[in-house]
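S.K.: Dropping the structure in here first, questions after.
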Amino acid sequence: MTLPPFKLERYFAKYEFNTDFLLCSSDCEAMSIADLLALESGAAEKFQSTWLGYTESQGSPSLRKEICNLYTSIQPENVLVHTGAEEAIYLFMHAMLKENDHVIVHAPHYQSLSEVAKEVGCDVNFWLAREENNWALDIQELRRLLRPDTRAVIINTPHNPTGYLMQKSDFVELNRMAVENDFLLFCDEVYRESEFDMTDRLPAACDMSDNAISLGVTSKTYGLAGLRIGWIATRNKDVYRLMASLKDYTTICNSAPSEFLAEVALRNRQKLIDRNLGIIKHNLTVVDDLFTRYSSLFTWIRPRAGSMGFPKLLKGDIEDFCDDLVRKAGVLLLPGTMYDDLGNHFRLGLGRKNLPQAVERLERYLKTK
Ligand SMILES: Cc1ncc(COP(=O)(O)O)c(C=O)c1O
């Protein structure tokens with residue numbers, strides 16, 4: 001079996017670098033290398049002397065040490081650094097899953113979270129987030145989906161594209177079920193630390209049991225997608241060993257300049273979080289206003305975390321709407337069909353500074369209709 005096209009990425013490829021306003025980005029506003037280095041005195045000079053040889057395959061010891069600060073029980077030897085979160089997803093599934101394994105995946109979802117498992121030949125079932133349930137996952141439903149041969153459950157919270165954040169009690173129960181039923185819990189936490197109310201933040205799955213793998217990245221909450229630095233954190237030695245071994249066939253090691261910059265970013269991550277949450281919260285007021293004025297055209301479940309929401313278009317077909325909008329107004333929204341969603345939803349990005357101007361352009365377009 002071969003991997004089919006990644007629908008969302010192919011859609012972005014058509015428009016990302018030639019459209020005035022990306023109103024559906026999943027990442028937060030980025031910054032320049034100079035601005036990042038300015039967060040820490042002496043960093044710019046040190047960056048100049050970064051050695052451009054091969055780096056340690058697991059990730060530099062100092063970066064892994066910094067990543068440990070995101071967790072409570074994780075040591076550097078539990079962190080494996082990758083080229084983006086995407087490489088880690090690919091390697092996890094190829095290292096830990098085999099043909100006919102039963103795998104349960106949170107849906108709708110970032111396509112690779114199920115597609116790579118399917119490519120491996122797994123039997124994939126979806127654990128559906130339902131709009132009528134505020135996009136929440138239902139633990140009872142997972143109980144019905146579980147089989148004695150379930151090898152892995154894949155979830156994403158905070159969630160792309162709905163902004164759903166799992167309730168703590170459900171998260172604890174899910175982690176308990178992973179141990180009791182002996183499945184691997186692959187928890188895509190790339191939007192962690194972007195909770196609108198910090199007290200809602202979940203513990204990281206990797207701190208809850210040896211069955212869990214937490215996925216992190218610099219791209220989303222911290223707004224540094226161009227670094228292409230992601231990681232997994234897990235106390236599970238088999239997972240670590242097998243993923244590390246497979247990495248020799250993909251990237252071998254990470255970019256040395258990116259590792260240096262990621263370390264600076266994570267050491268200063270609270271500043272990045274504050275900046276990006278400030279942008280998101282301001283943008284939410286703009287979007288709330290728009291949706292109040294256009295309540296006959298849009299509804300949404302307001303997100304609780306992350307840099308996205310998944311509103312519903314109440315009139316017309318979402319693909320036609322997005323196509324016409326991008327062509328006539330230069331504003332990109334992402335049709336939910338890119339996630340195989342048939343509910344006429346679209347992804348709305350909340351993390352970019354120019355959202356108010358993009359919404360203005362969108363509204364001008366709506367007035368012509
Ligand atoms: C849920 C989720 N996981 C993983 C990724 C991949 O992250 P990266 O592009 O930084 O590798 C994304 C990117 O959009 C995502 O939304």
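S.K.: How much FRET efficiency would the formula 1/(1 + (r/R0)^6) give for Leu145 and Ser49, where r is the Cβ-Cβ distance and R0 is 35 Å, rounded to 0.05?
M.R.: Efficiency for this residue pair is about 0.10.
S.K.: Which percent, nearest 5, of DSSP beta bridges in the chain are antiparallel?
M.R.: Rounded to the nearest five, the antiparallel share is 45 percent.
S.K.: Quick check: with the 1.4 Å probe, what order do Thr299, Thr199, Thr50 take by accessible area, largest first?
M.R.: Thr199, Thr299, Thr50
S.K.: Got a number for the accessible area of Asp248? Probe 1.4 Å, square angstrom, nearest 10.
M.R.: Per-residue accessible area (Asp248): approximately 90 Å².
S.K.: In square angstrom, rounded to the nearest 10, how much accessible surface does Leu224 have for a 1.4 Å probe?
M.R.: 10
S.K.: May I pose another question? Compute the length gained on full extension between Leu246 and Glu40: take 0.36 nm times their separation in residues and subtract their Cα-Cα distance, giving the result in nm to one decimal.
M.R.: Here the answer is 70.7 nm.
S.K.: Let me have the 222 nm mean residue ellipticity of the chain computed from DSSP H runs of 4+ only, each contributing -39500 (n - 2.57), with the sum over all residues rounded to the nearest 500.
M.R.: Result for the chain: -12000 deg cm²/dmol, rounded to the nearest 500.
S.K.: Let me ask something else about it. At 20 °C and 1.002 mPa s, grab the translational diffusion coefficient of the chain from Stokes-Einstein with a Kirkwood Rh over Cα pairs, rounded to a whole number in µm² per second.
M.R.: 101
S.K.: By how many nm would the segment from Asp210 to Lys353 grow when fully extended, if each residue of separation counts as 0.36 nm and the alpha-carbon distance is taken off? Kindly include the intermediate steps, with their values, before the conclusion.
M.R.: Values: separation 143, 0.36 × 143 = 51.48 nm, distance 3.93 nm.
Net length gain for the segment: 47.6 nm.
S.K.: Quick one: length gained pulling Gln167 to Leu314 fully straight, 0.36 nm per residue minus the C-alpha distance? Please report the intermediate quantities before stating the final value.
M.R.: Numbers: separation 147, 0.36 × 147 = 52.92 nm, distance 2.86 nm.
Result for the pair: 50.1 nm of gain on full extension.
S.K.: Between their Cα atoms, which of Lys46/Lys237; Lys271/Lys312; Lys14/Lys247; Lys281/Lys312; Lys220/Lys271 are more than 26 Å away from each other?
M.R.: Details: Lys46/Lys237 34 Å; Lys271/Lys312 33 Å; Lys14/Lys247 30 Å; Lys281/Lys312 20 Å; Lys220/Lys271 14 Å.
In this structure, Lys46/Lys237; Lys271/Lys312; Lys14/Lys247 lie more than 26 Å apart at Cα.
S.K.: May I ask for the distance between the Cα centers of the stretch 68-138 and the stretch 306-369, given as a whole number of Å?
M.R.: 27
S.K.: Of the accessible area of the chain, with the probe set at 1.4 angstrom, what percent is carbon plus sulfur?
M.R.: Working: 8170 of 15690 Å².
Ligands and nucleic acids excluded, carbon and sulfur reach 52 percent.
S.K.: Let me ask you something else. What FRET efficiency comes out for the pair Ser62/Asn18, r = Cβ-Cβ distance, R0 = 35 Å, nearest 0.05?
M.R.: Values: r = 39 Å, r/R0 = 1.12.
Computed FRET efficiency for Ser62 and Asn18: 0.35.
S.K.: Would you list the membrane-span-like helices of the chain, meaning whole DSSP H runs whose alpha-carbon atoms span at least 20 Å along their axis and whose mean Kyte-Doolittle value is at least 1.6?
M.R.: Sorted by number, there is nothing, because no helix extends far enough and scores high enough.
S.K.: Let me ask something additional. Equivalent ellipsoid semi-axes for the stretch 127-229, as square roots of 5 times the alpha carbon gyration tensor eigenvalues: give them largest first, rounded to whole Å.
M.R.: Square roots of five times the eigenvalues give 23, 16, 12 Å.
S.K.: With every protein chain left in place and a probe of 1.4 Å, what is the accessible surface of Leu242, to the nearest 10 Å²?
M.R.: Counting only protein heavy atoms, Leu242 exposes about 60 Å² to solvent.
The values are calculated or read from the model by the stated rules, or taken from the named source; none is laboratory data. This is a predicted model, so every value here is computed, not measured. Quick reminder, even Gly has a Cβ in these numbers, built from the backbone with ideal geometry, and neighbours come from all protein chains shown. Heavy atoms of the whole protein, side chains included, go into the accessibility calculation; ligands, DNA and RNA do not. Shrake-Rupley method; radii C 1.70, N 1.55, O 1.52, S 1.80 Å.
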